[in-house]
Amino acid sequence: MNQVITDLTHKKDEELSPAVAAIITGCTGNSNFTVVAQLAAVVTNKGAYDLALAATVHGNEAATELKDQKKLLLVNSVRVLGVQINVQAAGDRVKALSSGFEMEKEATHQVMGEVTDFHVATTSIAGTFLLSVKKPTTFSTHGTVFAYWDPALGPTPADKNKWFQRHSNGNSLVLPGFTPGVSYPFASAYKGLDADALIWSATVNKMAGD
């Protein structure tokens with residue numbers, strides 16, 4: 001995203017003032033933007049906040065309350081300035097960066113990796129399989145996708161994304177309705193975001209029991 005972060009309420013006291021100082025430096029005399037009034041408000045509110053923050057060194061409760069009030073005024077003025085920066089930058093990342101604001105980061109997808117310990121087992125019910133994988137511990141998932149192909153429909157597609165798929169919110173799934181005595185290919189993948197490509201396990205072939 002080519003936009004700056006306008007909300008600094010998450011900043012700790014020791015982080016806020018330096019972050020705002022960088023914004024003031026970036027926006028001062030910056031020909032990319034017309035934000036004189038908004039910048040002036042930030043400068044004024046930062047000065048008041050810094051004074052109030054310094055007064056809290058002795059742990060006075062009243063001073064802390066005043067500091068919090070000044071902080072709110074400061075972050076609100078920064079938000080107003082940031083909105084204008086985004087509007088005037090119009091998606092130009094270079095311009096937005098020149099403002100001194102921190103930039104929003106592109107969402108990153110976790111590499112889900114291939115599943116481990118994929119097992120396919122018959123159950124006591126004819127034509128039913130129990131599919132399971134080992135629960136991943138190094139990253140979060142959105143569940144597991146189990147896939148299979150019915151040989152009665154013809155040759156098994158090499159692309160497992162074209163197989164029949166069933167989603168499980170956990171790490172196992174019971175699939176009924178298979179023909180006893182017929183061998184079926186199965187595979188599985190951890191489920192990430194919808195935009196994430198599935199990384200399939202090796203194929204496991206298993207004959208349905210009767």
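The values are calculated or read from the model by the stated rules, or taken from the named source; none is laboratory data. Nothing here was measured: the structure is a model prediction, and the numbers come from that model. Here the Cβ is made from the backbone with ideal geometry for all residues, glycine too, and neighbour counts use every protein chain on show.
If you go through region 70-91 one residue at a time, do you hit one that is in the same structural domain as Thr34 (by TED's automatic domain parsing) and at pLDDT below 90? Walk me through how you get there before you give the answer.
Keep residues of region 70-91 that are in the same structural domain as Thr34 (by TED's automatic domain parsing), which gives 70-91.
Of the ones still in play, those that are also at pLDDT below 90 are 91.
Yes, because at least one residue in region 70-91 is in the same structural domain as Thr34 (by TED's automatic domain parsing) and at pLDDT below 90.
The single condition among (1) out of contact with any helix residue (DSSP H, G or I) (no Cβ under 6 Å at 6 or more places or on another chain); (2) under 30 Å from Arg79 (Cβ atoms); (3) modelled with pLDDT of 90 or more that Lys160 does not satisfy is (2).
Applying the condition of being buried (at least 20 other Cβ atoms within 10 Å of the Cβ) and not aliphatic (A, V, I, L, M) to region 111-131 and asking which residue is modelled with the lowest pLDDT yields Phe118. Can you tell me which residue is nearest to the chain's Cα centre (by Cα) among those in region 45-64 that are surrounded by 12 or more Cβ atoms within 10 Å (Cβ to Cβ) and at pLDDT below 90? The extreme case among them is Thr64.
Just the residues that are in contact with a strand residue (DSSP E or B) (Cβ under 6 Å, 6 or more places away or on another chain) and closer than 21 Å to Pro155 by Cβ, please, taken from region 199-210. Give the derivation first.
Initial filter on region 199-210 (in contact with a strand residue (DSSP E or B) (Cβ under 6 Å, 6 or more places away or on another chain)): 199-201, 203-207, 209.
Trp200, Ser201, Thr203, Val204, Asn205, Lys206, Met207 - these are the residues of region 199-210 that are in contact with a strand residue (DSSP E or B) (Cβ under 6 Å, 6 or more places away or on another chain) and closer than 21 Å to Pro155 by Cβ.
Per the conditions (1) in a loop (DSSP other than H, G, I, E, B); (2) at pLDDT below 85, the sole criterion not satisfied by Gly100 is (2). In the set (1) assigned to a helix (DSSP H, G or I); (2) not assigned by TED's automatic domain parsing to the domain that holds Asp92, Asn2 fails one condition alone, (1).
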